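**Student:** Have a look at this one.
The values are calculated or read from the model by the stated rules, or taken from the named source; none is laboratory data. Computed from a predicted model, the values in this text were never measured in an experiment. Cβ coordinates were reconstructed from backbone atoms using ideal geometry, including for glycine residues, and neighbour counts include every protein chain displayed. Each accessible area value is taken on the protein alone, full model and side chains, heavy atoms only, with ligands, DNA and RNA left out. Shrake-Rupley method; radii C 1.70, N 1.55, O 1.52, S 1.80 Å.
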Amino acid sequence: MKKIVLLISLLLFAAVNAQDAFVSVDNTPLLNDEGAQFAQLKITVPVTILEEADGQARVRVDGAVAADELGEAAVVYSNSQDEIVVAESVDPGQVQLGDEEAGWAEAGLEGWVDAAALTDDREPLFTQAASTYQRYCSRCHVGYAGPVEQLIERLKPADWPEVAHRMAMGTGISNADLSLVVHWLQHESQQHHN
């Protein structure tokens with residue numbers, strides 16, 4: 001009985017002391033307890049900080065994985081509807097699987113990241129993304145209140161990576177800036193469609 005009470009107390013303590021944060025550096029390595037990388041977290045992705053030690057943070061990322069990708073280097077998405085990539089190059093052996101429905105399985109990842117790659121507020125990242133959008137995309141799309149708003153209304157979050165990569169050709173935008181802009185556009189689209 002004492003062991004059960006202790007276990008419940010520890011779980012409650014962990015739940016109360018867990019805090020939410022966001023990845024602020026694209027392709028942040030997610031490391032196992034031995035320090036080996038098993039995934040890359042995408043910029044602006046929400047994580048739950050489980051503990052912190054020596055400049056590192058143990059985090060949890062929840063999402064979904066396509067059932068047909070489970071045997072290979074998987075991609076973890078925010079959910080099965082929006083398909084916003086939260087982690088890439090995922091070692092399938094590190095994915096904690098949950099219920100499966102309609103070809104998708106709940107997926108969780110836990111590992112260590114550099115605490116400096118996290119922020120408690122992603123709005124400055126989205127402000128930077130909007131500015132980057134203005135710098136590289138406004139040649140064809142005049143201002144956020146112009147055509148991009150119409151695109152956000154028309155495109156679903158899962159559509160943005162293909163569309164943005166196609167439009168980015170020849171603009172000179174870096175891969176890191178493009179990833180940030182895509183995640184911002186997906187977030188805006190998700191807010192509009194949900």
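**Student:** Where in the range 73-97 is the amide nitrogen less than 16 Å from a point lying 7 Å along the Cα-to-Cβ axis of residue 162?
**Tutor:** Under 16 Å, as judged by backbone N against the label point of residue 162, lie 81-85 of the range 73-97.
**Student:** Determine the shape class of the range 26-149: with a ≥ b ≥ c the square roots of the Cα gyration tensor eigenvalues, call it rounded for a/c under 1.5, and otherwise prolate if a/b is greater than b/c, oblate otherwise.
**Tutor:** It comes out oblate by the Cα gyration axes.
**Student:** Let me ask something else about it. Where is the GNM fluctuation largest for the chain (alpha-carbon springs, 10 angstrom cutoff): 174, 131, 80?
**Tutor:** Of 174, 131, 80, the most mobile in the Gaussian network model is 174.
**Student:** Something else about it: Measure off, as a whole percent, the carbon and sulfur share of the 1.4 Å-probe accessible area of the range 98-194, all protein chains present.
**Tutor:** Of the solvent-accessible surface of the range 98-194, carbon and sulfur hold 48 percent.
**Student:** Residue 19's amide H: which non-local residues (gap 5+, or another chain) put their own amide H closer than 5 Å, with H modeled 1.01 Å from N in plane and none for Pro or chain starts?
**Tutor:** Those qualifying (amide H under 5 Å, at least 5 residues apart or on another chain) are 49.
**Student:** Roughly how many Å² is the accessible area per residue of the chain, as a whole number, for a 1.4 Å probe?
**Tutor:** For the chain, the per-residue accessible area is 56 Å².
**Student:** If a helix is a whole DSSP H run, which ones in the chain reach 27 Å or further along their own axis (Cα) and hold a mean Kyte-Doolittle hydropathy of at least 0.0?
**Tutor:** The qualifying helices: there are none.
**Student:** By its C-alpha gyration tensor, with a ≥ b ≥ c as the square roots of the eigenvalues, how is the range 28-96 shaped: rounded for a/c under 1.5, else prolate for a/b larger than b/c, else oblate?
**Tutor:** oblate
**Student:** What residue among 170, 93, 111 has the largest mean-square fluctuation in a Gaussian network model of the chain, using Cα springs under 10 Å?
**Tutor:** Residue with maximal mean-square fluctuation among 170, 93, 111: 170.
**Student:** Also, quick follow-up: Distance between Cα centroids, the range 131-194 to the range 67-112: provide it in whole Å.
**Tutor:** The range 131-194 and the range 67-112 have Cα centres separated by 25 Å.
**Student:** Under a point spin-label approximation (7 Å from Cα along Cα-to-Cβ), what is the residue 99-residue 192 distance to one decimal in nm?
**Tutor:** Output for this residue pair reads 3.1 nm.
**Student:** Something else now. What's the extension gain from residue 121 to residue 153 if we count 0.36 nm per residue and subtract their Cα-Cα distance?
**Tutor:** 9.0 nm
**Student:** On to the next question. Once the piece of chain linking residue 88 and residue 66 is laid out straight, how much longer is it, given 0.36 nm per residue of separation minus the C-alpha distance between them? Show your work: numbers first, answer last.
**Tutor:** Working: separation 22, 0.36 × 22 = 7.92 nm, distance 1.27 nm.
Full-extension gain reported as 6.6 nm.
**Student:** Take the Cα of residue 52, step 7 Å along the line toward its Cβ, and report every residue of the range 18-35 whose backbone nitrogen sits under 13 Å from that point.
**Tutor:** 18-22
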